[in-house]
1. Tell me, what is the per residue accessible area of the stretch 25-131 in Å², probe radius 1.4 Å?
2. Residues of the stretch 34-56 with amide nitrogen under 16 Å from the 7 Å Cα-to-Cβ point of THR131?
3. Where a ≥ b ≥ c are the square roots of the eigenvalues of the C-alpha gyration tensor, would you call the stretch 78-185 rounded, which needs a/c under 1.5, or, failing that, prolate if a/b is larger than b/c, or oblate?
4. For the stretch 24-67, give the percent of accessible area contributed by carbon and sulfur heavy atoms, probe 1.4 Å, rounded to a whole number.
5. I need the fraction of alpha carbon pairs in the stretch 94-153 separated by more than 13 Å, rounded to a whole percent.
6. Counting only protein chains, not ligands or nucleic acids, how are MET82, MET213 ordered by accessible area (probe 1.4 Å), most first?
7. How do 142-152, 170-180 rank on mean C-beta neighbours within 10 Å, highest first?
8. For the stretch 77-138 and the stretch 10-49, write down the distance between their C-alpha centroids in whole Å.
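The values are calculated or read from the model by the stated rules, or taken from the named source; none is laboratory data. No experiment lies behind these values; they were computed from the predicted model shown. Every residue, glycine among them, receives a Cβ derived from its backbone with ideal geometry; neighbour counts consider all protein chains shown. For the accessible areas, the whole protein counts, side chains as well, though only heavy atoms, and no ligand, DNA or RNA atoms are used. Shrake-Rupley method; radii C 1.70, N 1.55, O 1.52, S 1.80 Å.
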Amino acid sequence: MTNRNIQYWVIPPESNAEFVACMEDVLEIYEKTYDSAIPVVCMDEQPVQLVKHVKAPIAATQEHPQRVDYEYERAGVANIFMFAEPLAGWREVAVRDSKKKVDWATEMAHLLEGRYAACNKVIVVCDNLNTHTKGAFYEVFEPEHARSLARRVEFHYTPKHGSWLNIAENELSSVTRQCVSGRRIGTVQELRDETSAWATDVTEAQRGVDWQMKIDDARYKLKSVYPKIKLRQSTRLNNRLVGSGIAIAVE
């Protein structure tokens with residue numbers, strides 16, 4: 001039985017300096033103007049359950065919609081990597097069998113040596129999953145090659161319980177609703193074909209991202225997240241202030 005009085009949210013912590021530091025760092029990145037030489041790329045990932053038909057569906061007719069048998073077969077789990085460049089209105093979906101360091105590093109190398117081959121630096125906004133590191137390159141490529149990739153990546157990590165700050169998560173939500181959800185996709189290749197077609201379609205339509213929250217907005221709207229700073233009076237501080245003729249109110 002579903003409880004309609006419950007809504008599930010990513011609830012931020014209260015009075016958490018580390019959360020605030022990461023949040024403001026990411027928000028500052030989002031305030032940058034577009035620079036094709038130093039692109040800002042958001043990335044996120046999620047697993048997808050592959051599901052096969054046990055019986056072939058019956059095609060739709062004028063009298064009946066498509067009929068799908070209720071029985072299905074689980075066919076393993078694939079992993080979607082979402083890469084999005086918000087200010088360019090571009091996104092790309094990569095699908096792999098797993099979500100190991102080798103998968104992440106391989107897909108990142110594909111971007112760095114493909115779309116961003118001419119860029120000396122690429123700013124990457126992502127969560128701090130242990131596969132999203134420069135070290136991952138060294139587990140896949142020879143040191144010289146790994147270093148050539150790692151030196152070009154500048155990480156900016158979203159805070160824990162702050163996944164909403166990653167624009168790529170919004171793109172993942174869109175591809176889930178518009179392409180994956182409610183369908184039976186049985187193979188990695190089929191998932192790759194479908195999500196690639198989705199990414200091409202929305203990119204060609206130049207669907208952009210209008211990110212509204214700025215640092216000043218966060219400081220006003222998310223006051224509970226910011227630590228409460230209290231000035232603690234000490235004899236040394238008090239003597240110094242009094243000696244300089246400065247009056248200070250102490251809580």
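1. Accessible surface, normalised per residue, equals 53 Å².
2. 43-50
3. Working: a/c = 1.67, a/b = 1.50, b/c = 1.11.
Prolate, since a/c reaches 1.5 and a/b exceeds b/c.
4. Values: 1390 of 2760 Å².
The computed percentage sits at 50.
5. Numbers: 1041 of 1770 pairs.
For the stretch 94-153, the share of Cα pairs beyond 13 Å comes to 59 percent.
6. MET213, MET82
7. On the way: 142-152: 14.4, 170-180: 17.2.
Output ranking for 142-152, 170-180: 170-180, 142-152.
8. After rounding, the separation between the Cα centres reads 15 Å.
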